[in-house]
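To start, the structure itself, in structure tokens.
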Amino acid sequence: MLELKNIVKIYQGGTVNETCLFDGFSLSIPDKQFVCVVGSNGSGKTSLLNIICGSIPIEDGEIFIGGENITRMPEHRRHRRIGRVYQDPARGTCPSMTILENMSMADNKGKPFNLMPCVNRKKTEEYRALLAQLGLGLEDKMGVKVGNLSGGQRQAMALLMSTMTPIEFLILDEHTAALDPKTAEIIMQLTGRIVAQKQLTTIMVTHNLRYAVEYGDRLLMMHQGRAELDVSGEARRNLKVEDLLARFNAISIECGN
């Protein structure tokens, strides 16, 4: 289980622009739950992911994974248990390295490299089989540099690479936002398949309300550092895009927009 307890996050503290985003925010996510997070810009969606991954510090509160307090654990150590896919396809892969080299790097995540070669040629066929599951023909381009691939191909690779080693949590930070509609559909189908196969606890931030109601088994709507909506179970299954739009409009009116 992932637990955030009484989180306080302040931006630009001690200045005239000081902003308290989270003020005593708490959240619990059981193992194997797929949570979709929606909300307007500045509502705290990406900050929530950054706090979980250790990318930004917090002023107060605690973070637990499986009962272990990881509040002071550095980001690189957390990533041994967490896989993350970013909005920008370029952030999840190394463009100057080949597909084979990228796959090998991902396969060795968290392991000491010492003076051994990074690329294990004996595992090439294993990597080909993994890439073939994407249905993008990447298994026949093992020697191609990743920088020459399309954004969708790179994002598919980033998703695959983030889950190659045993992880407990998958963090998806608007990972389809930079893709065209057709490619986004492919990546979402791949996402659903990987999460189901590996039984991963998943948090997906998205601006696509259709994806938010079609995927996952729990939905959070964030607003000004609070969860304005938190639904799961039967209520989540009955949720429609129109319901989310109505809630967004209600929040906008309350804010005077």
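The values are calculated or read from the model by the stated rules, or taken from the named source; none is laboratory data. Quantities reported herein were computed from a predicted structural model and do not represent experimental measurements. Methodologically, a virtual Cβ is constructed for each residue, glycine included, from the backbone with ideal geometry; neighbour enumeration extends over all protein chains shown. Heads up: the accessible areas ignore ligands, DNA and RNA and are worked out on the full protein's heavy atoms, side chains in. Shrake-Rupley method; radii C 1.70, N 1.55, O 1.52, S 1.80 Å.
So the values come out like this:
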quantity: Qualifying residue in the stretch 18-26 (condition: surrounded by 20 or more Cβ atoms within 10 Å (Cβ to Cβ), within 15 Å of Met221 (Cα to Cα), within 14 Å of the chain's Cα centre (by Cα) and touching a residue at least 40 places away in the same chain (Cβ under 8 Å)); calculated: no
quantity: Residue in the stretch 100-107 that is surrounded by fewer than 20 Cβ atoms within 10 Å (Cβ to Cβ) and in contact with an Asp or Glu (Cβ under 6 Å, 6 or more places away or on another chain) present; calculated: no
quantity: Odd one out for Ala129, checked against (1) surrounded by 12 or more Cβ atoms within 10 Å (Cβ to Cβ); (2) closer than 21 Å to Pro166 by Cβ; (3) at pLDDT 85 or above; calculated: (1)
quantity: Strands (runs of 3 or more DSSP E) completely within the stretch 14-114 that count 2 or more residues being over 21 Å from Glu168 (Cβ atoms); calculated: 19-29, 34-39
quantity: Wholly within the stretch 147-257, strands (runs of 3 or more DSSP E) carrying at least 2 residues that are open to solvent by 10 Å² or more (accessible area, probe 1.4 Å), touching a helix residue (DSSP H, G or I) at 6+ places or on another chain (Cβ under 7 Å) and within 30 Å of Ile7 (Cα to Cα); calculated: 218-223, 226-232
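For every residue, the table says whether it meets (1) among the acidic types (Asp, Glu); (2) free of Cβ contacts under 8 Å to residues at least 24 places away in the same chain.
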site	(1), (2)
Ala158	no, no
Ile167	no, no
Ile171	no, no
Glu174	yes, no
Gly192	no, yes
Ala196	no, yes
Leu220	no, no
